[in-house]
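Visitor: This is the structure I want to talk about, given as structure tokens.
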Amino acid sequence: MTPARTVAPAPRAKVALPPPTSLPRRILKHPRLMHYNRLIALVWAVNLVFLASRADGGLGPRTLSHAALANFLLAIVVRQQYVINLLFRLATAAPTSWPLRIRWTLAKVYHFGGLHVGGATAGALWFLALVGSLTRHGAPAATLAVSYALLGLLVAIVATALPPFRARFHDHFEKAHRFGGWAALALLWAQTVLTTLDERGGASATAALLSAPELWTVAVLTFSIALPWLRLRRVPVAIERPSSHVALVRFDHGVTPFAGSSTAISRNPLLEWHSFANVPAPGETGFRLTVSRAGDWTGKFIDDAPSHVWVKGITTAGVANIETLFSKVVYVATGSGIGPCLPHLLARAVPARLVWATRDPRRTYGDRLLDEILAVQPDALIWDTSEHGKPDMVELAYAAYADFGAEAVICISNKKLTWQVVQGMERRGIPAYGAIWDS
């Protein structure tokens, strides 16, 4: 059997990386100025413009309520799976004949989470102002009690979503977001109904509620949140474990997702969900997921393989879907990052070159998977880190980019290395993309 091909780090000559671009462009490529943060700033800017436009006419409770709900609507709907897929479809509709700079920006579509954060934080601030206004105007006790309870819950949700807490206590963040979000939605219904009835004047309760745009907005929010859960189901899986580090999970329950999508799975749907890249094979039904040991949940999943798992919603587009915006791409992966790359390599929708650094690839992932990769990527650079140590992935990425004549680099790895590769390329004027860990 043909061994996995590797490239030894010596005596291989180092590739001369091009010099960084001009200082202003390097500043714009700094992680703090990434498109995710620019979208947050854009949402805040729009809210500030609205605030300034209403400064002379005052901000009554109704205006504050509308502003809060509009921001909450943005925050929730932009995370809806159908909306995410639509955003990717619109962004990737541009032909490769368009100027590279335009396509470079369109491919940042996966930073849409900035709209979620901007809307959620701005909405919370508008709601704080609303509670203050209701207090000053002497709203009924029941309305104030519900409003203050909701405000406290919103503060807790925002606080637990801050990056330091989220990175250190991700499981607690996820539970706070889910259960706190559901409780906040219930309180928002109560608060909206109460404030609408407080202002109904001579209208009947039914007429006031049915004619209130606030109530219909909350209804849209509720439908958006509930929709994935309406498709909750428990499905059988077949699991192959080529090593103690990896489980290859096979699904065949009547769903064949598109290449580059992801599926969230759970063993307990109320507690935690984990998303993995779908790996459909051309001409076959169903799909696979690659689950690597990366924590308690994945470790237990590999050691105590379940016969069924829970899935919900629809398959959702992921970062690498932006490949169609470019004539050629280089995929850079480490370890189980090969999972999100594999469906694109198998589909061959865009000419691609693979650079993959991993520990003992055949022993870890099995002959079948390695042979499948090499069948579609005969020129792949597969670097065995157990034999040759860790390579300079920025150097390897650029070498493949230059040799292949690619237009962009897509990196699927851990957070630190992804940022190294993405920033290392973009600072040199090369379009590069990778996950941003915003959830």
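Visitor: Return the only residue of Ser336, Ser327 being of a type in the set (Ser, Thr, Tyr), in contact (Cβ under 8 Å) with a residue 24 or more places away in the chain and surrounded by fewer than 19 Cβ atoms within 10 Å (Cβ to Cβ).
Guide: None of the other options fit; the residue is Ser327.
Visitor: Is it the case that some residue within region 200-211 is in contact with a His (Cβ under 9 Å, 6 or more places away or on another chain) and farther than 19 Å from Ala145 by Cα? Break it down into steps so the answer makes sense when it comes.
Guide: First, pick out the residues of region 200-211 that are in contact with a His (Cβ under 9 Å, 6 or more places away or on another chain): none.
No, every residue in region 200-211 fails to be in contact with a His (Cβ under 9 Å, 6 or more places away or on another chain) and farther than 19 Å from Ala145 by Cα.
Visitor: Kindly provide the set of residues from region 209-232 that are in contact (Cβ under 8 Å) with a residue 60 or more places away in the chain and surrounded by 13 or more Cβ atoms within 10 Å (Cβ to Cβ), ordered by number. Steps first, answer last, please.
Guide: Keep residues of region 209-232 that are in contact (Cβ under 8 Å) with a residue 60 or more places away in the chain, which gives 213-214, 217-218, 220-221, 224-225, 227-229, 231-232.
Across region 209-232, the qualifying residues are Glu214, Thr217, Val218, Val220, Leu221, Ser224, Ile225, Leu227, Pro228.
Visitor: Something else: Kindly establish whether Gly118 is among the small types (Gly, Ala, Ser), surrounded by 14 or more Cβ atoms within 10 Å (Cβ to Cβ) and closer than 23 Å to Ala190 by Cα.
Guide: Values: among the small types (Gly, Ala, Ser): yes; surrounded by 14 or more Cβ atoms within 10 Å (Cβ to Cβ): yes; closer than 23 Å to Ala190 by Cα: no.
So Gly118 does not fit the description; no.
Visitor: Glu284 passes all but one of (1) over 18 Å from Phe251 (Cα atoms); (2) among the acidic types (Asp, Glu); (3) part of a loop (DSSP other than H, G, I, E, B); which number fails?
Guide: (1)
Visitor: Does region 91-102 contain any residue that is surrounded by fewer than 22 Cβ atoms within 10 Å (Cβ to Cβ), in a helix (DSSP H, G or I) and either without any contact (Cβ under 8 Å) to a residue 12 or more places away in the chain or in contact with a Cys (Cβ under 6 Å, 6 or more places away or on another chain) (or both)?
Guide: Within region 91-102, the subset surrounded by fewer than 22 Cβ atoms within 10 Å (Cβ to Cβ) is 91-102.
If we keep only those that are in a helix (DSSP H, G or I) as well, we get 91, 100-102.
When the remaining residues are screened for being either without any contact (Cβ under 8 Å) to a residue 12 or more places away in the chain or in contact with a Cys (Cβ under 6 Å, 6 or more places away or on another chain) (or both), the result is 101-102.
Yes: region 91-102 contains one or more residues that are surrounded by fewer than 22 Cβ atoms within 10 Å (Cβ to Cβ), in a helix (DSSP H, G or I) and either without any contact (Cβ under 8 Å) to a residue 12 or more places away in the chain or in contact with a Cys (Cβ under 6 Å, 6 or more places away or on another chain) (or both).
Visitor: While we're on this one: State all residues of region 162-187 that are over 19 Å from Pro228 (Cβ atoms) and modelled with pLDDT of 90 or more; if no residue qualifies, say none.
Guide: Our first condition is that a residue be over 19 Å from Pro228 (Cβ atoms); within region 162-187, this holds for 162-172, 187.
Listed by number, the list holds a single entry, Leu187.
Residue-by-condition table, conditions (1) touching a Cys at 6+ places or on another chain (Cβ under 7 Å); (2) in the same structural domain as Pro280 (by TED's automatic domain parsing); (3) of a type outside the set (Phe, Trp, Tyr):
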site	(1), (2), (3)
Ala333	yes, no, yes
Trp356	no, no, no
Val376	no, no, yes
Glu387	no, no, yes
Ala408	no, no, yes
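Results for (1) assigned to a strand (DSSP E or B); (2) among the aromatic types (Phe, Trp, Tyr); (3) outside the structural domain of Phe169 (by TED's automatic domain parsing), shown as yes or no for each residue.
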| residue | (1), (2), (3) |
| --- | --- |
| Ala238 | yes, no, yes |
| Arg241 | yes, no, yes |
| Arg250 | yes, no, yes |
| Val255 | no, no, yes |
| Ala294 | no, no, yes |
| Thr298 | no, no, yes |
| Phe301 | no, yes, yes |
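Visitor: Assigned to a helix (DSSP H, G or I), over 30 Å from Pro257 (Cα atoms) and out of contact with any helix residue (DSSP H, G or I) (no Cβ under 8 Å at 6 or more places or on another chain) - does that describe any residue in region 104-123?
Guide: Taking every residue of region 104-123 in turn, none turns out to be assigned to a helix (DSSP H, G or I), over 30 Å from Pro257 (Cα atoms) and out of contact with any helix residue (DSSP H, G or I) (no Cβ under 8 Å at 6 or more places or on another chain).
Visitor: Is it the case that region 347-369 has a residue that's modelled with pLDDT under 90 and within 28 Å of Gly113 (Cβ to Cβ)?
Guide: yes
Visitor: Answer with yes or no whether Ser224 is assigned to a strand (DSSP E or B) and within 24 Å of the chain's Cα centre (by Cα).
Guide: Numbers: assigned to a strand (DSSP E or B): no; within 24 Å of the chain's Cα centre (by Cα): yes.
Judged against the criteria, Ser224 is not a match.
Visitor: Then there's this: Cβ-Cβ below 7 Å, separation at least six or inter-chain, first residue in region 422-438 and within 15 Å of Leu33 (Cα to Cα) and acidic (Asp, Glu), second assigned to a loop (DSSP other than H, G, I, E, B) and at pLDDT below 95: which pairs?
Guide: Qualifying pairs under 7 Å: Glu426/Lys29.
Visitor: Among (1) more than 30 Å from Arg200 (Cβ to Cβ); (2) over 19 Å from the mean Cα position of the chain (by Cα), which single condition is Ile40 missing?
Guide: Evaluating Ile40 over (1) more than 30 Å from Arg200 (Cβ to Cβ); (2) over 19 Å from the mean Cα position of the chain (by Cα) leaves (2) as the failure.
Visitor: So, one more: Which condition number in (1) outside any strand (DSSP E or B); (2) in contact with a helix residue (DSSP H, G or I) (Cβ under 6 Å, 6 or more places away or on another chain); (3) aromatic (Phe, Trp, Tyr) is the one that Tyr398 fails?
Guide: Every condition holds for Tyr398 apart from (2).
Visitor: May I pose another question? Which one of the conditions (1) modelled with pLDDT of 90 or more; (2) under 16 Å from Ser262 (Cα atoms); (3) buried (at least 18 other Cβ atoms within 10 Å of the Cβ); (4) not charged (D, E, K, R) does Ile314 fail to meet, given that it meets all the rest?
Guide: Only one criterion is unmet by Ile314, namely (3).
Visitor: OK, next. For residues that are of a type in the set (Val, Ile, Thr) and more than 16 Å from the chain's Cα centre (by Cα), tally how many sit in region 297-322.
Guide: Of region 297-322, the ones of a type in the set (Val, Ile, Thr) are 298, 302, 309, 311, 314-316, 319, 322.
After this cut, where a residue has to be more than 16 Å from the chain's Cα centre (by Cα) as well, the list is 298, 302, 309, 311.
Going through region 297-322 one residue at a time, the tally reaches 4.
Visitor: Look at region 138-179 and say how many of its residues are outside any helix (DSSP H, G or I) and either surrounded by 15 or more Cβ atoms within 10 Å (Cβ to Cβ) or touching a residue at least 12 places away in the same chain (Cβ under 8 Å) (or both).
Guide: Just the residues of region 138-179 that are outside any helix (DSSP H, G or I), to begin with: 138-140, 161-162, 169.
Those left that are additionally either surrounded by 15 or more Cβ atoms within 10 Å (Cβ to Cβ) or touching a residue at least 12 places away in the same chain (Cβ under 8 Å) (or both): 139-140, 161.
Counting residues in region 138-179 that are outside any helix (DSSP H, G or I) and either surrounded by 15 or more Cβ atoms within 10 Å (Cβ to Cβ) or touching a residue at least 12 places away in the same chain (Cβ under 8 Å) (or both) gives 3.
Visitor: Got a sec? Which of Val291, Val249, Val279 is under 15 Å from Val235 (Cα atoms) and touching a strand residue (DSSP E or B) at 6+ places or on another chain (Cβ under 8 Å)? Even if it seems obvious, please write down each step before you answer.
Guide: Values: Val291 fails: under 15 Å from Val235 (Cα atoms); Val279 fails: under 15 Å from Val235 (Cα atoms).
Checking each option against the conditions leaves just Val249.
The values are calculated or read from the model by the stated rules, or taken from the named source; none is laboratory data. All of these numbers come straight from a predicted model, not from anything done at the bench. Methodologically, a virtual Cβ is constructed for each residue, glycine included, from the backbone with ideal geometry; neighbour enumeration extends over all protein chains shown.
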